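Just so it is clear, none of the values below were taken in a lab; they were calculated from the coordinates. Given the structure is predicted, the values throughout are model-derived calculations rather than measurements. Don't worry about glycine lacking a Cβ; one is built from the backbone with ideal geometry, like all the others, and counts go over all protein chains shown.
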Amino acid sequence: MITTERLHIIPATPKDINHIIDIEHHPDNRNYIWQGTAQEHSSEIDDPDHELLLFRERQTDEIVGYCLNHINRTSEIFELRRIAITRKGQGYGREALTAIIKHAFDDLPTNRFWLDVYPDNLVGIKLYESMGFIKEGILRQNYKSARGYLDQIIYSILRTEYESLDL
């Protein structure tokens with residue numbers, strides 16, 4: 001589907017669901033993303049308004065992450081619901097996110113690309129801000145988790161902003 005310098009970004013299949021769940025539950029990821037069930041991921045694969053994508057390293061075919069996107073074609077809104085990387089600190093997150101942003105704006109009729117992030121996900125916040133995302137606001141105590149009530153910071157890029165970015 002999408003190829004970058006080091007990655008093939010491809011649609012997930014039902015056989016990939018257990019691996020996705022393992023990524024979500026990994027100690028380095030579980031506090032920062034919502035964990036789906038096998039049934040939920042299966043439904044996402046079947047839903048034309050969702051993209052459940054794997055990031056596979058081109059050299060080894062190893063899965064180094066995944067993302068879940070929701071596409072609202074009526075309002076031309078692309079939501080990055082989840083993104084997780086298994087090999088931290090090697091630039092895979094930036095590389096994958098750059099490709100996803102380009103995919104949203106270049107391949108789909110997207111006017112607004114948005115995501116939310118927990119305030120303690122400092123690595124994610126730094127990445128999003130460095131890539132041109134605009135902080136829209138905070139949904140206070142919007143999600144109840146095992147860690148308690150969590151705020152969600154909303155970030156977005158509009159098409160006009162994307163067109164001026166150097167991605």
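Structure notes:
- Count - residues of region 13-51 that are small (Gly, Ala, Ser) and closer than 20 Å to Asp116 by Cβ: 1
- Tabulated pairs, region 15-43, first part of a loop (DSSP other than H, G, I, E, B), second of a type in the set (A, V, I, L, M, F, W, C), C-beta under 6 angstrom, 6+ apart or interchain: Asn29/Ala84; Ile33/Ala84
- Scanning region 44-60 for residues that are free of Cβ contacts under 8 Å to residues at least 40 places away in the same chain and closer than 15 Å to Met1 by Cβ returns Ile45, Pro48, His50.
- Elements of the type strands (runs of 3 or more DSSP E) sitting completely within region 95-167 and holding at least 2 residues that are in contact with a strand residue (DSSP E or B) (Cβ under 6 Å, 6 or more places away or on another chain), of a type in the set (Ser, Thr, Tyr) and in contact (Cβ under 8 Å) with a residue 40 or more places away in the chain: these cover 148-158.
- Against the test of being surrounded by fewer than 17 Cβ atoms within 10 Å (Cβ to Cβ) and farther than 18 Å from Arg81 by Cα, the options Ser164, Ser145 yield a single qualifying residue, Ser164.
- Flag if Ser75 is more than 30 Å from Thr160 (Cβ to Cβ) and among the small types (Gly, Ala, Ser): no
- The lone criterion from (1) closer than 24 Å to Ile154 by Cβ; (2) within 16 Å of the chain's Cα centre (by Cα) left unmet by Ile21 is number (1).
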